[in-house]
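Trainee: A single structure is presented below for examination.
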């Protein structure tokens with residue numbers, strides 16, 4: 001039997017009906033087969049579709065985009081949220097940790113994300129590994145943290161997710177994670193597990209640990225969250241917005 005499938009062309013932006021041979025109809029199905037498809041695209045094409053409100057044509061929640069870093073290593077990012085903080089936008093996070101680092105050289109969380117060494121490393125060093133068209137497509141995000149009654153704001157192309165964006169809203173972190181909401185892609189411990197060097201690994205969050213002057217939050221290898229001294233070197237999961 002033949003089915004009709006809609007196929008979208010990323011070059012001419014038109015849709016076409018294509019006949020697909022579905023094989024012989026099964027009268028008593030006992031299993032479901034899920035197939036995955038892939039298509040070639042550029043980051044500029046992806047960004048244009050997202051910003052025009054047609055991002056659904058090329059990407060959806062939890063979809064993955066693979067590409068090559070400038071050091072030759074393969075990387076993959078996942079759509080972790082769609083239209084989360086503003087319309088016609090998608091938020092991406094690396095599927096696994098492409099590197100590891102300390103949050104700060106010293107065991108302190110003073111100044112939070114704004115004053116962290118991690119923030120500078122991602123936006124001054126790691127960003128140089130990304131393809132040029134991806135860097136051009138990224139929309140800078142303004143992050144606000146209120147710590148000890150002081151407001152810190154930074155506008156960055158690359159950032160780490162907050163405790164709220166990973167674990168969900170926590171009463172004590174409403175100010176620290178000002179305006180944040182949980183990303184659908186992180187709503188279970190299993191979805192929060194990441195790898196580094198082919199092993200499950202801890203990875204940093206940008207939220208300082210309230211009530212502790214030396215800790216930032218991180219995610220365990222099992223997907224649960226806890227605090228860790230800022231000078232420890234663990235996995236890094238950069239995020240960005242288009």
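FYI, it's all coordinate maths here, none of it is from the lab. These numbers come from a predicted model, not from an experiment. With ideal geometry, Cβ positions are generated from the backbone for all residues, glycine too; neighbour counts draw on all protein chains shown.
Trainee: Can you list the strands (runs of 3 or more DSSP E) found entirely within the stretch 145-242 that contain at least 1 residues being surrounded by fewer than 22 Cβ atoms within 10 Å (Cβ to Cβ), in contact (Cβ under 8 Å) with a residue 12 or more places away in the chain and touching a strand residue (DSSP E or B) at 6+ places or on another chain (Cβ under 9 Å)? Let's see the steps before the verdict.
Mentor: Details: elements: 150-156, 203-208, 215-219, 225-229, 234-236, 239-241.
The strands (runs of 3 or more DSSP E) meeting that bar are 150-156, 215-219, 225-229, 234-236, 239-241.
Trainee: Something else about it: Is at least one residue of the stretch 85-102 surrounded by 14 or more Cβ atoms within 10 Å (Cβ to Cβ), closer than 21 Å to residue 175 by Cα and in contact with a strand residue (DSSP E or B) (Cβ under 7 Å, 6 or more places away or on another chain)?
Mentor: No, the stretch 85-102 has no match at all.
Trainee: If you scan the stretch 27-51, which residues turn out to be within 18 Å of residue 84 (Cα to Cα) and either touching a strand residue (DSSP E or B) at 6+ places or on another chain (Cβ under 6 Å) or loosely packed, with under 14 Cβ neighbours inside 10 Å (or both)?
Mentor: 50
Trainee: Would a scan of the stretch 133-143 turn up a residue that is out of contact with any strand residue (DSSP E or B) (no Cβ under 7 Å at 6 or more places or on another chain), touching a residue at least 12 places away in the same chain (Cβ under 8 Å) and outside any helix (DSSP H, G or I)?
Mentor: no
Trainee: Related question: Quick one: residue 59 ticks every box in (1) in contact with a strand residue (DSSP E or B) (Cβ under 6 Å, 6 or more places away or on another chain); (2) under 23 Å from residue 235 (Cβ atoms) except a single one, so which number is it?
Mentor: (2)
Trainee: Further question: Which of the residues belonging to the stretch 52-76 are in contact (Cβ under 8 Å) with a residue 40 or more places away in the chain and either part of a strand (DSSP E or B) or surrounded by 14 or more Cβ atoms within 10 Å (Cβ to Cβ) (or both)?
Mentor: 57, 58, 61, 67, 68, 69
Trainee: I need the full set of residues from the stretch 32-51 which are part of a loop (DSSP other than H, G, I, E, B), touching a helix residue (DSSP H, G or I) at 6+ places or on another chain (Cβ under 9 Å) and free of Cβ contacts under 8 Å to residues at least 40 places away in the same chain, in order please.
Mentor: Looking only at the stretch 32-51, we keep the residues that are part of a loop (DSSP other than H, G, I, E, B), and these are 32-42.
Cutting the leftovers down to touching a helix residue (DSSP H, G or I) at 6+ places or on another chain (Cβ under 9 Å) gives us 41-42.
Listed by number, the list holds a single entry, 41.
Trainee: Name every residue in the stretch 107-127 that is farther than 21 Å from residue 45 by Cα and not in a loop (DSSP other than H, G, I, E, B), in order of residue number.
Mentor: Kept after step one, since they are farther than 21 Å from residue 45 by Cα, are these residues of the stretch 107-127: 107-126.
Matches in the stretch 107-127: 117, 118, 119, 120, 121, 122, 123, 124, 125, 126.
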